[in-house]
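The values are calculated or read from the model by the stated rules, or taken from the named source; none is laboratory data. What you see is a predicted model, and the numbers here were worked out from it, not measured in a lab. Here Cβ is always computed from backbone atoms with ideal geometry, including for glycine, and neighbour counts include all displayed protein chains. Keep in mind that these areas ignore ligands, DNA and RNA; they rest on the heavy atoms of the full protein, side chains included. Shrake-Rupley method; radii C 1.70, N 1.55, O 1.52, S 1.80 Å.
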Amino acid sequence: MGADVIGRARGFLRRPGISVLPEARLACRAARVHAMHDPTEGGLATACWELAQAAEVGVRVYREQIPVLGEGRLLCEAFGLDPLGTIASGSLLLAVDPSDADAVRAACRDAGIACAAIGTVTRASLGVTLVSGGIARPMTSFARDEITKVLSST
């Protein structure tokens, strides 16, 4: 792993940072937000499960639509980690009406914030699914954050 990759990844703590308060406020100004969750420990996959359970709904997530920072992808590949189960501080998972999604994305884009629509809310009976390569499977649930694999082996 190059020192430049490590340096950029280390810098994410401060820029863009791990607070999601500005993004949450921006989303609430742009649309009616039904739910939001900061996917910290356990990553996006755990956040999807927690959001679905709290709201008593199902969630269908499209793997190819999930943005993963290049540095994070490289580190996950190097250590054999699933990026969907790694700490995701600084990210914000939002549930908005589909008719409001474009307004939220536009507000984020105008503020220089990366934003992507990654899935839909479904009936609770459908559970939490991850669609990858057109195939839907139950989304993995992580009992422990993926980074603990690295931390426990050092």
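Can you list the HN-Hα couplings for the range 27-35, worked out from phi with the Karplus curve (6.51, -1.76, 1.60; θ = phi - 60°), rounded to whole Hz and with x for Gly and Pro?
4, 5, 6, 7, 6, 7, 8, 7, 7
Length gain on complete extension for the stretch Leu126 to Val5, per 0.36 nm per residue less the alpha carbon to alpha carbon distance?
39.6 nm
Enumerate the amide H contacts of Thr122 below 5 Å, restricted to partners 5 or more residues apart or on another chain; note that Pro and chain-start residues carry no placed amide H.
So Thr122 has HN proximity to Gly58, Val59, Arg60.
Expressed as a rounded percentage, what relative contact order does the chain have, with Cα pairs under 8 Å and six or more residues apart?
Values: 227 pairs, mean separation 54.5, N = 154.
Computed over the chain, the figure is 35 percent.
Name the most mobile residue of Gly72, Gly90, Gly11, meaning the one with the largest mean-square fluctuation, in a Gaussian network model of the chain with Cα contacts below 10 Å.
In the Gaussian network model the winner is Gly11.
Would you mind calculating the gained length between Asp82 and Ala106 on full extension (0.36 nm times residue separation, minus the Cα-Cα distance), in nm to one decimal?
5.7 nm
For the range 68-108, what size does the Cα cloud have along each of its three principal axes, sorted from largest down, in whole Å?
39, 16, 15
Regarding the range 87-154, what is the average projected area of its C-alpha convex hull, in nm²?
7.1 nm²
Which whole-number value in Å³ per residue fits the convex hull of the alpha carbons of the chain? Intermediate values should be presented prior to the final figure.
Details: hull volume 18.7 nm³, N = 154.
Taking only Cα atoms, the chain has a hull volume of 121 Å³ per residue.
Leaving out ligands, DNA and RNA, and with a 1.4 Å probe, what % of the accessible surface on the range 20-112 is carbon or sulfur?
Answer for the range 20-112 is 53 percent, counting heavy atoms of protein chains only.
In what sequence, largest accessible area first, do Phe142, Phe79 appear using a 1.4 Å probe?
Per-residue accessible area, sorted high to low, gives Phe79, Phe142.
Can you compute the FRET efficiency between Arg14 and Ala54 using 1/(1 + (r/R0)^6), with r the Cβ-Cβ distance and R0 = 35 Å? Round to the nearest 0.05.
0.70
Go through the chain and flag any cysteine with no other cysteine's C-beta closer than 4.7 Å, please.
Lacking a cysteine Cβ partner under 4.7 Å: Cys28, Cys48, Cys76.
Scan around Val96 for amide H atoms under 5 Å from its own, H built in the peptide plane at 1.01 Å from N, and keep only partners 5 or more places away or cross-chain.
Residues meeting the criterion, in which the H sits 1.01 Å from N, are His34.
So if R0 is 22 Å, what FRET efficiency would Thr140 and Ala117 give, r being the distance between their Cβ atoms, rounded to the nearest 0.05?
Efficiency, from the Cβ-Cβ distance: 0.55.
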